[in-house]
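Peer 1: Have a look at this one.
The values are calculated or read from the model by the stated rules, or taken from the named source; none is laboratory data. All values reported here derive from a predicted model rather than from experimental measurement. FYI the Cβ positions are ideal-geometry reconstructions off the backbone, even for glycines, and counts take in every protein chain you see.
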Amino acid sequence: MYLSFTDIFDLFLRFLAVGQLSLLCHYILSKNQNLSSALAVSVNICLCAYLLLTAPIPDHYYGILRGILLFFTEVAPYLLWLLVLLHFKDNFQPTKWSIWIKVSIGLMLLWFIYFFGYIKGSGSFHQVNHLIQLFFIIHIIYVAVQEFPDDLVQARRNARLVTIIYTCIYLILILILELGNAAIRDSSIFSIVNAGLVLVSTSFFSWHYFNNRFTEKTKTASIEEIKDNDNYPPSIPLVFKNFYQQLNQLMQDGFYTETQLSIKQLANKLKMPEHQLRELINKHLGFRNFSDFLSSYRIPAACVQFEDITFIRKPILTIALELGYGSIATFNRTFKAQKGMTPKEYRNKFQK
């Protein structure tokens, strides 16, 4: 087998990236051994498999290893999807999925092992799988963008940006090339540029990861503390004292009932920088999402009306809209998450 200088340099870049990813896997597992760590390590392993599989080496030199590398490469977008939802969705708990979902996933893994690991992707399902992967990647971008304005955790906001800019755009380009012209995909120029981009991306991510740019440092405070109108919690620094008192008073005056209220609107009302308001609500009041902060006022206010016999004929929809919710579905979902029952069930407890 003859390797040109370009091929050798390509392999050099790939092995550097694989080395970085291997060290990152070791570091992640040394810090935590949970589902999030397992998924992060799995995604890194899949990326290593992709780098090795697409190296400028003829397929017949891989032998049985090609099927193994192909399997890990093809499951990468699905594992990334799980990892993203686990980090970006506070209520996403795959460990609590029903047994039927878990069995279905197990059967799909067996099919992937057979199709990609054993017969090495020989069949039309290979292209079908790329289309399915594209759908999952688009959903990853949607999840990252959807709740970005509402997210108060700066580390998670950083991760959302990295996910959108680096991971997903890169994967979409790869999938388009996989579905498109094979001559471009198999060219030495594309191969070396591809390896270089992966190395730069892994270096960028590793640097930020080791500098705790993606590490949450949120202090948990009681929701009831913010409703104390006389004193501010000791955990709030003096620099935020005046802002906190203004925020507390504004909420007590019912500003939370504003429809589609955003953190930007609240910051403008308080005449304070938006990033400082995020820090105050997240790090010192313990809320991870702005909607959770608003719900800490809206849901108790709804409960007061549900418990009062004079509001027995007032429609639940009217109460939800008056409290600032844009739809009854959002109100019902939030209420049940906090109280463990629907608004109607809660009202019936007190109206019998």
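Peer 1: Could you figure out which of (1) outside any helix (DSSP H, G or I); (2) touching a Lys or Arg at 6+ places or on another chain (Cβ under 6 Å) isn't true of residue 33?
Peer 2: Answer for residue 33: the failing condition is (2).
Peer 1: How many of the residues making up segment 113-129 are assigned to a helix (DSSP H, G or I) and either farther than 18 Å from residue 50 by Cα or out of contact with any Asp or Glu (no Cβ under 9 Å at 6 or more places or on another chain) (or both)?
Peer 2: Step one: of segment 113-129, the residues assigned to a helix (DSSP H, G or I) are 113-118, 125-129.
From what's left, either farther than 18 Å from residue 50 by Cα or out of contact with any Asp or Glu (no Cβ under 9 Å at 6 or more places or on another chain) (or both): 113-114, 117-118, 125, 128.
The qualifying residues number 6.
Peer 1: Quick check on segment 304-318. Is at least one of its residues of a type in the set (S, T, N, Q), touching a residue at least 24 places away in the same chain (Cβ under 8 Å) and in a helix (DSSP H, G or I)?
Peer 2: Going residue by residue through segment 304-318, those that are of a type in the set (S, T, N, Q) are 305, 310, 318.
Okay, now just the ones that are also touching a residue at least 24 places away in the same chain (Cβ under 8 Å), so none.
Within segment 304-318, none of the residues are of a type in the set (S, T, N, Q), touching a residue at least 24 places away in the same chain (Cβ under 8 Å) and in a helix (DSSP H, G or I).
Peer 1: Which residue, of 287, 350, 335, 331, is in contact (Cβ under 8 Å) with a residue 24 or more places away in the chain and closer than 23 Å to residue 155 by Cα?
Peer 2: After applying the criteria, what remains is 287.
Peer 1: If only one of 141, 137, 174, 113 is modelled with pLDDT of 85 or more, β-branched (Val, Ile, Thr) and over 18 Å from the mean Cα position of the chain (by Cα), which one is it? Talk me through it step by step, then tell me what you get.
Peer 2: Details: 141 fails: over 18 Å from the mean Cα position of the chain (by Cα); 137 fails: over 18 Å from the mean Cα position of the chain (by Cα); 174 fails: modelled with pLDDT of 85 or more.
Only one candidate passes the filter, namely 113.
Peer 1: Return the total of residues in segment 287-312 being within 18 Å of residue 341 (Cα to Cα), of a type in the set (Phe, Trp, Tyr) and within 30 Å of the chain's Cα centre (by Cα).
Peer 2: Looking only at that region, the number is 1.
Peer 1: May I pose another question? Considering only residues of segment 280-328 that are under 15 Å from residue 151 (Cβ atoms) and basic (Lys, Arg), which is surrounded by the most Cβ atoms within 10 Å (Cβ to Cβ)?
Peer 2: The residue in question is 283.
Peer 1: Right, here's the next one. Determine whether residue 43 is surrounded by 15 or more Cβ atoms within 10 Å (Cβ to Cβ), in contact with a Ser or Thr (Cβ under 7 Å, 6 or more places away or on another chain) and touching a residue at least 40 places away in the same chain (Cβ under 8 Å).
Peer 2: Spelling it out, it is not the case that residue 43 is surrounded by 15 or more Cβ atoms within 10 Å (Cβ to Cβ), in contact with a Ser or Thr (Cβ under 7 Å, 6 or more places away or on another chain) and touching a residue at least 40 places away in the same chain (Cβ under 8 Å).
Peer 1: Being in a helix (DSSP H, G or I) and in contact with a Leu (Cβ under 7 Å, 6 or more places away or on another chain) is true for just one of 141, 137. Which residue is that?
Peer 2: On the way: 141 fails: in contact with a Leu (Cβ under 7 Å, 6 or more places away or on another chain).
After ruling out the rest, the residue left standing is 137.
Peer 1: Looking at 125, 71, which is the one that is over 30 Å from residue 19 (Cβ atoms), surrounded by 12 or more Cβ atoms within 10 Å (Cβ to Cβ) and aromatic (Phe, Trp, Tyr)?
Peer 2: Working: 71 fails: over 30 Å from residue 19 (Cβ atoms).
Answer to the check: 125.
Peer 1: Something else: Quick one: what pairs do we get from segment 245-274, first residue exposed (fewer than 14 other Cβ atoms within 10 Å of the Cβ), second part of a helix (DSSP H, G or I), C-beta under 7 Å, 6+ apart or different chains?
Peer 2: If the second residue must be part of a helix (DSSP H, G or I), the pairs left are 264/274; 273/267.
Peer 1: Right, another one. What number of residues within segment 63-100 are assigned to a helix (DSSP H, G or I) and farther than 30 Å from residue 287 by Cβ? Steps first, please.
Peer 2: Here is the first cut: in segment 63-100, the ones assigned to a helix (DSSP H, G or I) are 65-88, 94-96, 99-100.
From what's left, farther than 30 Å from residue 287 by Cβ: 65-78, 99-100.
Residues meeting the conditions: 16.
Peer 1: What number of residues within segment 180-207 satisfy the criterion of being modelled with pLDDT under 75 and surrounded by 13 or more Cβ atoms within 10 Å (Cβ to Cβ)? So that I can check it myself, show each step before the final result.
Peer 2: Taking segment 180-207 as the starting set, the residues that turn out to be modelled with pLDDT under 75 are 180-186.
Those left that are additionally surrounded by 13 or more Cβ atoms within 10 Å (Cβ to Cβ): 185.
Total satisfying the criteria: 1.
Peer 1: Please find, among 277, 294, the residue that is in contact (Cβ under 8 Å) with a residue 12 or more places away in the chain, farther than 20 Å from residue 322 by Cβ and either hydrophobic (A, V, I, L, M, F, W, C) or touching a strand residue (DSSP E or B) at 6+ places or on another chain (Cβ under 6 Å) (or both).
Peer 2: Details: 294 fails: farther than 20 Å from residue 322 by Cβ.
Answer to the selection: 277.
Peer 1: Exactly one condition in (1) assigned to a helix (DSSP H, G or I); (2) at pLDDT 85 or above; (3) exposed (fewer than 15 other Cβ atoms within 10 Å of the Cβ) is not met by residue 161; state its number.
Peer 2: So residue 161 meets the others, but not (2).
Peer 1: Now for a different question. What's the number of the only condition in (1) acidic (Asp, Glu); (2) surrounded by 18 or more Cβ atoms within 10 Å (Cβ to Cβ); (3) closer than 16 Å to residue 186 by Cβ that residue 59 fails to meet?
Peer 2: Unmet condition: (2).
Peer 1: Moving on. With the requirement that a residue be modelled with pLDDT of 90 or more and either farther than 20 Å from residue 84 by Cβ or not assigned by TED's automatic domain parsing to the domain that holds residue 206 (or both), what does segment 27-46 give you?
Peer 2: none
Peer 1: Next question, about the same structure. If you go through segment 343-351 one residue at a time, do you hit one that is in a helix (DSSP H, G or I) and closer than 24 Å to residue 149 by Cα?
Peer 2: Taking segment 343-351 as the starting set, the residues that turn out to be in a helix (DSSP H, G or I) are 343-351.
Pick out the ones that are also closer than 24 Å to residue 149 by Cα and you get none.
No: segment 343-351 contains no residue that is in a helix (DSSP H, G or I) and closer than 24 Å to residue 149 by Cα.
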